[in-house]
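So the structure is just underneath, and the comments pick up after that.
The values are calculated or read from the model by the stated rules, or taken from the named source; none is laboratory data. Since the structure is predicted, the reported quantities are computational estimates derived from the model, not experimental observations. In this analysis, Cβ positions are derived from the backbone assuming ideal geometry, glycine residues included, and neighbour counts consider all displayed protein chains. Ligands, DNA and RNA are stripped out before the accessible areas are found, and what is left, the full protein with its side chains, is counted by its heavy atoms. Shrake-Rupley method; radii C 1.70, N 1.55, O 1.52, S 1.80 Å.
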Amino acid sequence: MPRDTARDPRYDILFEPVKIGPVTARNRFYQVPHCNGMGHQYPSSMAEMRGVKAEGGWAVINTEECEIDYTSERGGAIESRLWDDYDIPVLAKMCDKIHARGALAGIELAHMGQGSANCISREVPMGPSARPVDMLYPVQSRAMDKADIKAFRKMHVDAALRSKRAGFDLIYVYAGHDMTTLMHFLSRARNDRMDEYGGSLENRVRLMREVLMDTKEAVGDTCAIAIRLAVDEMAGNSGLTSTGEGREVVEMLAELPDLWDVNVSGWENDSATSRFSDEGYQTDYISFVKSVTTKPVVGVGRFTSPDAMVSLIKKGVLDFIGAARPSIADPFLPKKVEEGRIEDIRECIGCNICVTGDHLMHPMRCTQNPTMGEEWRKGWHPERIAPKTADDSVLIIGAGPAGLEAARALGQRGYDVTLAEATDRLGGRVAVESQLPGLSAWKRVADYREYQISQMPNVNVYLESEMTPEMVLEFGTDHVAIAAGSSWSDTGIGRANRIAIPRDAGAKVMTPSQIMAGETPEGPVVIFDDDHYYMGGLMAEKLRAAGHEVTYVTPAPDVSTWTHNTMEQHIIQTRLMNMGVRIIPLHNLTHIGAEHATVSCNYTEAETKLPCGTALLVTMRSAHDSLFRALEGQVESLQRIGDCHAPSTIAAAVYAGHRYARELGETLPEGTPFRRELPLLAAD
Ligand code: ADP
Ligand code: SF4
């Protein structure tokens, strides 16, 4: 048969259609449910984001967890909602966007039970047994009685019927994380009922079986019914395990659903970061599933390599390649495989910045994909960008994430771009930070862009070219963007100390920039982490591994506290404790002497002197903006982008570079630079 694409025949298997009950997926690329911080609050943003993925070739696109009833709601968390008919239009919009681009739409119906405090509805939460709710909120859930169980089953049926009316093709029964009532019923730790819904596994599975059968009866004629189950809770015998009860649940329900979506739980294990796990990290836990069911199986593991995907299908581990983060980082991943453009795949780096959107309740952002969340509100498409508006030339100084992305996107627009980089390699901070323990996948931020730029004749890269103001003026391009980055400050100024930390003559102070440049600290090291993201913890890990005596001090309650939002905090702290790093939380660093550092308690201000040969300050970064200052007023079109404007995350730098490229030469709307989604005022 003549081929109309340049697809490598090895990947043909990924494009086979697969039947799921009454519906058929066009290929094996399956976007599993994932939170996005848009949900019911930013419905047009959410719908367009999902629609773009359908355009990018995913065969099945799912919602995030969708609250099925007002008796189980997660307060301010921005998930999907299907409490009643009023919620149907929001989800119908998503379905329309997905269907218009040829994919199937799925919905993950969820009842959170013990996981919700019901702060909005003020209903008493309920679950299999009475327990405090999971969120830190002084509320307990009550044990469901028989009437509650009946009502619970009806909630699922009603939600399934509403889902069908909204246009969904696939409807989930969800027990994929330790978050939903159905999972709570399965759990011996949460379910100590004495009736037919507690005790033996057969009893604990009963409600799930009933809900599955109810859902099938209600909508199974036209909709596929999927089950999402965490087959291993990574909690040993106190939870489900893939060799024990997890496997038994699959065996008991094997042929009941039309599709098995299997993973590990809790969410932090399911969405493990690249710092602590490799691609395919779940495979050992889920590989048994296909041997106990004939129904199609989907699993995840941050899959970005088509060869690994093919191998999973051929080995009979999976029928569908499930992806949340890889589909966020590259909504066009399937299309790129289909068109034989493997090098163009923008691989997820496994940093979990996307997850922080859900935790902090704002539209999600992605380090690799600056258009994520901007598809509707700014009209940004991940693959398309408006052509240049003039035959102008642009000089970009600095090839970190900001400079690289600006060069790539401007190159795509057709501008004549020069990228000048002082060092002998591209990548800026990612080239350096990806050398730190566990961060090697972060290099993908530079790798993707380096390859793209290498394919563009209109982008010229100059390494070992440190630009001075004179050189810039001599260069004479129409536009200059300075992306010169930042370095860690040694003043100690930060959140806890708004002025420099006092120090004696002879005190030795270092910063992460120096450590990453290969300098070695002297004597016992006191790390002061007032930054709270990954760097302080990583410095402790690196120096302790190199044999230094390390004390980690932070005003926060725990190590690298912001990484609660990337779901890594517990692993980081455990690792440091196991390595023998002394941890002093809730203390500020107030003075640095030649041999001692003084820390003071956040509450009592009681002071403690710590032996200190080197104080390593992780507090803030200073922008490299001297070039910008020198050129101000001399270059008409001059901008700072990324960390040299204001240091932030790598995601923010990539976004800044992309935004610069998008906006160059364009007339921008006045006022708020994006479309808003406003609440409707009810008639009185
Ligand atoms: P960002 O995250 O904003 O992209 P980075 O710190 O990662 O910033 O990257 C900044 C890059 O700019 C580094 O690779 C650095 O070597 C380079 N750079 C800084 N000053 C100059 C300069 N004057 N000329 C050329 N390159 C520069
Ligand atoms: Fe992957 Fe990071 Fe993007 Fe999330 S934010 S999809 S983990 S690159």
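Taking the condition in contact (Cβ under 8 Å) with a residue 12 or more places away in the chain, among the aliphatic types (A, V, I, L, M), open to solvent by less than 10 Å² (accessible area, probe 1.4 Å) and under 12 Å from Ala159 (Cβ atoms), does Ile78 pass? Criteria not met by Ile78. Identify the residue in region 443-463 that is within 11 Å of ligand 1 (Cβ to nearest atom) and either part of a loop (DSSP other than H, G, I, E, B) or more than 24 Å from Gly476 (Cα to Cα) (or both) and, among all such residues, is farthest from the chain's Cα centre (by Cα). Looking at residues that are within 11 Å of ligand 1 (Cβ to nearest atom) and either part of a loop (DSSP other than H, G, I, E, B) or more than 24 Å from Gly476 (Cα to Cα) (or both), I get Leu463. Leu404 meets the conditions (1) within 16 Å of ligand 2 (Cβ to nearest atom); (2) in contact with an Asp or Glu (Cβ under 6 Å, 6 or more places away or on another chain); (3) open to solvent by less than 10 Å² (accessible area, probe 1.4 Å) in every case but one. The failed one is (2). Can you work out which of the residues in region 139-174 that are open to solvent by 10 Å² or more (accessible area, probe 1.4 Å) and of a type in the set (Gly, Ala, Ser) is farthest from the chain's Cα centre (by Cα)? Among those that are open to solvent by 10 Å² or more (accessible area, probe 1.4 Å) and of a type in the set (Gly, Ala, Ser), it is Ala147. Against the test of being open to solvent by less than 50 Å² (accessible area, probe 1.4 Å) and not in a strand (DSSP E or B), the options Ser513, Ser487 yield a single qualifying residue, Ser513.
Please verify whether Tyr415 is buried (at least 23 other Cβ atoms within 10 Å of the Cβ), over 17 Å from Gly485 (Cα atoms), more than 16 Å from ligand 2 (Cβ to nearest atom) and of a type in the set (Phe, Trp, Tyr), treating the condition exactly as stated. So Tyr415 fits the description; yes. Within region 427-439, is even one residue assigned to a strand (DSSP E or B), within 14 Å of ligand 1 (Cβ to nearest atom) and either loosely packed, with under 14 Cβ neighbours inside 10 Å or of a type in the set (Ser, Thr, Tyr) (or both)? For region 427-439, residues assigned to a strand (DSSP E or B), within 14 Å of ligand 1 (Cβ to nearest atom) and either loosely packed, with under 14 Cβ neighbours inside 10 Å or of a type in the set (Ser, Thr, Tyr) (or both): absent. Scanning region 657-684 for residues that are basic (Lys, Arg), open to solvent by 40 Å² or more (accessible area, probe 1.4 Å) and closer than 30 Å to Glu474 by Cβ returns a single hit, Arg659.
Restricting attention to region 464-493, the residues that are on the phi > 0 side of the Ramachandran plot and away from ligand 1 (no atom under 16 Å from the Cβ) total 2. Taking the criterion of being under 29 Å from Gly476 (Cβ atoms), within 16 Å of ligand 1 (Cβ to nearest atom) and surrounded by 24 or more Cβ atoms within 10 Å (Cβ to Cβ), would at least one residue in region 362-369 satisfy it? The answer is no, given that none of the residues of region 362-369 is under 29 Å from Gly476 (Cβ atoms), within 16 Å of ligand 1 (Cβ to nearest atom) and surrounded by 24 or more Cβ atoms within 10 Å (Cβ to Cβ). Where strands (runs of 3 or more DSSP E) sit wholly within region 591-656, those with at least 1 residues that are open to solvent by less than 10 Å² (accessible area, probe 1.4 Å) and away from ligand 1 (no atom under 16 Å from the Cβ) occupy 596-601, 607-611, 614-618. The C-beta contact set for region 339-354 (first residue hydrophobic (A, V, I, L, M, F, W, C) and open to solvent by 20 Å² or more (accessible area, probe 1.4 Å), second residue more than 8 Å from ligand 2 (Cβ to nearest atom) and assigned to a helix (DSSP H, G or I), distance under 8 angstrom, 6+ apart or interchain) comprises Ile342/Pro306; Ile342/Lys336.
Against the conditions (1) assigned to a helix (DSSP H, G or I); (2) touching a Phe, Trp or Tyr at 6+ places or on another chain (Cβ under 7 Å); (3) more than 16 Å from ligand 1 (Cβ to nearest atom), Cys354 satisfies every one except (2). Pairs meeting the criteria (first residue in region 472-493 and free of Cβ contacts under 8 Å to residues at least 12 places away in the same chain, second residue of a type in the set (S, T, N, Q) and surrounded by fewer than 23 Cβ atoms within 10 Å (Cβ to Cβ), beta carbons under 9 Å, at least 6 apart or on different chains) are Gly476/Ser393.
Can you tell me which residue among Thr619, Thr614, Thr604, Thr608 is within 27 Å of the chain's Cα centre (by Cα) and either modelled with pLDDT of 95 or more or among the β-branched types (Val, Ile, Thr) (or both)? Among Thr619, Thr614, Thr604, Thr608, only Thr619 is within 27 Å of the chain's Cα centre (by Cα) and either modelled with pLDDT of 95 or more or among the β-branched types (Val, Ile, Thr) (or both). Could you check, for region 259-275, whether at least one of its residues is touching a Gly at 6+ places or on another chain (Cβ under 7 Å), open to solvent by 10 Å² or more (accessible area, probe 1.4 Å) and not β-branched (Val, Ile, Thr)? Among the residues of region 259-275, at least one is touching a Gly at 6+ places or on another chain (Cβ under 7 Å), open to solvent by 10 Å² or more (accessible area, probe 1.4 Å) and not β-branched (Val, Ile, Thr), which makes the answer yes. Inspect all residues belonging to region 335-346 and state whether any of them is within 21 Å of the chain's Cα centre (by Cα) and in a loop (DSSP other than H, G, I, E, B). Checked region 335-346: at least one residue is within 21 Å of the chain's Cα centre (by Cα) and in a loop (DSSP other than H, G, I, E, B). Cβ separations smaller than 9 Å between residues 6+ apart or across chains give the following pairs from region 236-257 residues that are farther than 16 Å from Tyr285 by Cα to residues that are surrounded by fewer than 13 Cβ atoms within 10 Å (Cβ to Cβ): Met252/Glu202; Ala254/Thr294; Glu255/Thr294.
The single condition among (1) of a type in the set (Gly, Ala, Ser); (2) away from ligand 2 (no atom under 13 Å from the Cβ); (3) farther than 19 Å from Tyr448 by Cα that Gly340 does not meet is (3). Do we have Ala399 as away from ligand 2 (no atom under 16 Å from the Cβ) and open to solvent by less than 10 Å² (accessible area, probe 1.4 Å) here? Yes; evaluated as a whole, the condition is true for this residue. Quick test for you: out of Glu210, Glu233, Glu196, pick the one residue that is of a type in the set (Asp, Glu) and open to solvent by 40 Å² or more (accessible area, probe 1.4 Å). Matching residue, one of Glu210, Glu233, Glu196: Glu196. Selection of first residues in region 581-595 that are touching a residue at least 12 places away in the same chain (Cβ under 8 Å) and on the phi > 0 side of the Ramachandran plot and of second residues that are outside any strand (DSSP E or B) and open to solvent by less than 40 Å² (accessible area, probe 1.4 Å), restricted to Cβ pairs under 9 Å at least 6 apart or on distinct chains, gives the following pairs, ordered by first then second residue: Leu586/Thr554; Leu586/Pro555; Leu586/Ala556. Annotation for region 276-283: at least one member residue is open to solvent by 40 Å² or more (accessible area, probe 1.4 Å), free of Cβ contacts under 8 Å to residues at least 12 places away in the same chain and over 18 Å from Asp258 (Cα atoms).
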